[in-house]
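Please read the structure below before turning to the comments.
The numbers here are math on the coordinates, done by the rules we state, and not lab data. None of these values were measured; they are calculated from a predicted model. Reconstructed Cβ throughout: ideal geometry from the backbone, glycine too, with neighbour counts over all protein chains shown.
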Amino acid sequence: MRIISFGLGFLVVYLSRYCRGSVYDTVVMAITTKRTRFSRRLPDHVTDELVNVLSEKKVFGFNDLFERVFANLKLRNAVSGGEEMLRLRAYEKLQNLVTRGLVEKTGKEYKGTARVHEASSSYAAAQEAAAAAD
């Protein structure tokens with residue numbers, strides 16, 4: 001066996017030749033696995049505004065819904081990245097709400113359910129505070 005460097009490559013080669021079974025698999029997975037999940041901890045203003053507008057119990061087309069959300073975000077001075085990028089983010093977040101069952105989609109129209117408030121950052125903060133109090 002020829003050793004070129006004493007980095008992770010050496011350890012993987014060494015383990016692959018001299019260790020068998022679950023020890024090798026466990027160590028190699030621990031070495032090569034990276035955490036790739038991104039967790040955003042800041043309040044999500046776009047989702048909060050979607051929740052505020054959809055909690056009105058009206059049916060909205062996406063363009064009407066986006067115009068209301070965009071106007072509210074401009075009032076809060078929370079618009080960044082341009083209107084088209086914000087439109088894409090709003091559409092993605094709206095589809096996530098539909099997938100979670102918090103918004104009903106009928107054709108191209110959207111209506112908030114009774115549970116739509118569960119997507120707001122204030123609801124999440126209240127849940128975390130309640131869990132911390134227990």
Are there any helices (runs of 4 or more DSSP H) wholly within the range 60-134 with 3 or more residues that are within 12 Å of L50 (Cβ to Cβ) and over 19 Å from the mean Cα position of the chain (by Cα), and if so which? 62-75
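Take the conditions more than 18 Å from R68 (Cα to Cα), of a type in the set (A, V, I, L, M) and surrounded by 13 or more Cβ atoms within 10 Å (Cβ to Cβ) and apply them to L97. Does it pass?
So L97 fails the test.
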Could you list all residues from the range 101-119 that are touching an Asp or Glu at 6+ places or on another chain (Cβ under 8 Å) and farther than 19 Å from E67 by Cα? L102, T113
